[in-house]
1. Please pick out the residue among 157, 166, 146, 123 that is part of a loop (DSSP other than H, G, I, E, B) and not basic (Lys, Arg).
2. So residue 4 passes all but one of these: (1) assigned to a helix (DSSP H, G or I); (2) modelled with pLDDT under 80. Which condition number does it fail?
3. Do any residues in the stretch 9-21 that are within 11 Å of residue 193 (Cβ to Cβ) and touching a residue at least 12 places away in the same chain (Cβ under 8 Å) have Cβ atoms under 9 Å from those of residues that are buried (at least 17 other Cβ atoms within 10 Å of the Cβ) and acidic (Asp, Glu), where the two are at least six apart or on different chains, and which pairs are they?
4. From the list 59, 45, 92, 23, pick out the single residue that is surrounded by 18 or more Cβ atoms within 10 Å (Cβ to Cβ) and at pLDDT below 80.
5. Scan the stretch 62-77 for residues that are over 24 Å from residue 29 (Cβ atoms), modelled with pLDDT of 85 or more and buried (at least 18 other Cβ atoms within 10 Å of the Cβ) and jot them down.
6. Based on what the data block shows, is residue 53 small (Gly, Ala, Ser), without any contact (Cβ under 8 Å) to a residue 60 or more places away in the chain and out of contact with any strand residue (DSSP E or B) (no Cβ under 8 Å at 6 or more places or on another chain)?
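The values are calculated or read from the model by the stated rules, or taken from the named source; none is laboratory data. All values reported here derive from a predicted model rather than from experimental measurement. Positions of Cβ are backbone-derived with ideal geometry, glycine not excepted, and every protein chain shown enters the neighbour counts.
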Amino acid sequence: MGCGDFHCSRNALIALNTLYILVSIILISVAATAKYAAVVTSTSVIGGIIACGVFLLIVALIGLVGAVKHHQVLLFFYMVILVLLFLIEMFVSIACLVYSESKREDVITYGWEHQASNITKNEVQIQYNCCSLNGTNSPSDPSCSEVERCKNLTESECATKYPCLEQLDDLMHKALRSVGGVGLFFSFTELVGVWLAIRYRNQKDPRANPSAFL
């Protein structure tokens, strides 16, 4: 019994879609590490990776059902959706990897000034032991009194010496690099899924009535 037979194709497709479920969880989890409120999550590329992860999870479940039942219609839609997902995930992943430092800083600054609440800013300051964003203590920023490094410094001194921009940029850079790398690598496995689905869909189930095969 060779690896090109019905049962081998079925088991390979089931295993691959199980892998997709794990990959989708990884994509969602890694992207969620960049969640520090609107400061970082305002980037559409990270949101795109999370969306791809959720979409991949749904597609993998469809693929599993189609593989187990040898369902012709489900396998067809599985193939079409997987091709579209491959293209979207590849382009979004590349966008994550080529995000420049200046673009990251612009996004972080916009999120800090226009989207992040004072509660979020305060959480970031405490978490990363920093004060304000870029060296100037804005009146709209929360107090740095709870920041450990600022205990013996004035607000302006602490903001100048320990701004949050560097830490947030590093966080965002690592998040983009992680989700981009993982997304790009696993996007090409989706082509394997399409190939397996095509082969499996065109094979006859030896247990089924031959006349029932479409």
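1. 146 is the lone residue from the list that is part of a loop (DSSP other than H, G, I, E, B) and not basic (Lys, Arg).
2. Single failed check for residue 4: (1).
3. As it stands, the answer is 20/190, since those pairs meet every condition given.
4. Answer to the check: 45.
5. Listed by number, the residues that qualify are 66, 67, 74, 75.
6. Considered against the rule, which asks whether it is small (Gly, Ala, Ser), without any contact (Cβ under 8 Å) to a residue 60 or more places away in the chain and out of contact with any strand residue (DSSP E or B) (no Cβ under 8 Å at 6 or more places or on another chain), residue 53 comes out as yes.
To keep it simple, each residue is scored yes or no on (1) in a helix (DSSP H, G or I); (2) within 18 Å of the chain's Cα centre (by Cα); (3) over 30 Å from residue 103 (Cβ atoms).
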{"position": "47", "(1), (2), (3)": "yes, yes, no"}
{"position": "53", "(1), (2), (3)": "yes, yes, no"}
{"position": "57", "(1), (2), (3)": "yes, yes, no"}
{"position": "64", "(1), (2), (3)": "yes, no, yes"}
{"position": "68", "(1), (2), (3)": "yes, no, yes"}
{"position": "74", "(1), (2), (3)": "yes, no, yes"}
{"position": "79", "(1), (2), (3)": "yes, no, yes"}
{"position": "82", "(1), (2), (3)": "yes, yes, yes"}
{"position": "85", "(1), (2), (3)": "yes, yes, no"}
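Table: residues versus (1) exposed (fewer than 14 other Cβ atoms within 10 Å of the Cβ); (2) at pLDDT 85 or above.
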{"position": "117", "(1), (2)": "yes, no"}
{"position": "143", "(1), (2)": "yes, yes"}
{"position": "164", "(1), (2)": "no, yes"}
{"position": "169", "(1), (2)": "no, yes"}
{"position": "172", "(1), (2)": "no, no"}
